[in-house]
1. Nearest-5 percent of antiparallel DSSP beta bridges in the chain?
2. Placing +1 on the Cβ of each Lys and Arg and -1 on the Cβ of each Asp and Glu in the stretch 1-86, which of P37, A76, H4 has its Cα farthest towards the positive end of the resulting dipole?
3. Which distance in Å, rounded to a whole number, links the C-alpha centroids of the stretch 201-241 and the stretch 35-80?
4. Could you pull out the pairs from K196/K250; K56/K177; K113/K196; K186/K250 whose alpha carbons sit more than 24 Å apart here?
5. Could you give the spread of the C-alpha atoms of the chain along their three principal axes, from largest to smallest, in whole angstroms?
6. Ordered by packing density, taken as the mean number of other Cβ atoms within 10 Å over each peptide's residues, highest first, how do 57-64, 43-50, 187-194 rank?
7. Expressed as a whole percentage, what fraction of the accessible surface of the stretch 1-86 belongs to carbon and sulfur atoms when a 1.4 Å probe is rolled over the protein heavy atoms?
8. Can you pull the three principal axis extents for the Cα set of the stretch 168-289, in Å, largest first?
Amino acid sequence: MLEHGGNLHHAAQRYGIPLQQWIDLSTGLNPQAWPMPDIPASAWQRLPEDDDGLDKVAQHYYAAASCLPVAGSQAAIQALPQLFALNRTQLRVGILSPAYAEHAYAWRRAGFKVVPLAADEIETQLNQLDVLLIVNPNNPTGYRFEPAQLLRWHQQLVARGGSLIVDEAFMDSTPEKSLATYTDQKGLVVLRSLGKFFGLAGARVGFVFAEPDFLHRLADFLGPWPISGPSRVIAIAALQDRDWQARARKGLQQQSQRLARLLTDKGLPPTGGTALFQWAETAHAESIHRQFARQAILTRLFTQPCSLRFGLPADEQQWQRLEKALTELNYMNDCSDALCEVAG
Ligand SMILES: Cc1ncc(COP(=O)(O)O)c(C=O)c1O
């Protein structure tokens, strides 16, 4: 299994610091999560029902014609290559790199030839590809593709029987840039997540948007009851809470800018970012990651390229601790790839 952020128990054990003392900046989850409602007992007791309104609410929030709720977008990431199973050894799958590593892992594991592509290589390579997979905005680089460009690439791929898949897990702060609205078109698949913007990663809810025929095949592959009853209740309420969403959009943007300013002031200017994280390329990433960890602050370390991702502190006390840790950084040690963890 690939390495990801959020392993607080592991960090607590490794650095010998009690769990409660840690600040987790290793994920890109909203630290001020959507507030949980009371969940009716029936949601735990009865089997989940597909026609409870979740599809409709999601179609409205994401402005899309058809959707399939799944157990986190991760469930779809693992399943998608199976729906392209015909001619798998011949299909060429271009995947943005670096990006959320589970995509390339899933396609390779299913037997496909994966071509890792930097953002500026896609245009010239497009003619060689059958499937193009983009993360937009990208994690961890924060790179953004414009919808018009993605739609143009989609047209080119579809003209040759190909497909475009866009993982929009970090799109909720900029809904106007989403391609979900266009997924009634053949060969376009969009993934969304309730984990990041809503801060509900533990609920394991995500959505796939595509043509109905594609969604039926995916639903068939995933089997019945992919999402638990309580998670469906939460998703329906969170997706309808427009006031909270508007406040979160504004608040996250401000906090992310504050984080970018703080990192810049302390000599770690971000290379990129989104409303939920900032990402800094630095040759000292490994050393900085460890220095923070010794102060019970968990960051996300990447080796390719050597870099760190910082999520948003949850409250003023966490901001103060981050600022203090940044002030006390010692840049003497160099990054050693051998010591860095596997990127993901
Ligand atoms: C870009 C991206 N897509 C998808 C996922 C999976 O998220 P989830 O399964 O919680 O929806 C992640 C998780 O970190 C991610 O970073």
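1. Here the share of antiparallel DSSP bridges comes out near 50 percent.
2. Farthest towards the positive pole: H4.
3. The distance from the Cα centre of the stretch 201-241 to that of the stretch 35-80 comes to 4 Å.
4. Pairs exceeding 24 Å: K113/K196; K186/K250.
5. 56, 52, 33
6. Result, highest mean first: 187-194, 57-64, 43-50.
7. About 55 percent, which is the carbon plus sulfur part of the accessible surface.
8. That works out to 51, 32, 28 Å along the principal axes.
The values are calculated or read from the model by the stated rules, or taken from the named source; none is laboratory data. Note that this is a predicted model, so its numbers are computed, not measured. FYI the Cβ positions are ideal-geometry reconstructions off the backbone, even for glycines, and counts take in every protein chain you see. Surface areas here come from the heavy atoms of the whole protein model, side chains and all, with no ligands, DNA or RNA. Shrake-Rupley method; radii C 1.70, N 1.55, O 1.52, S 1.80 Å.
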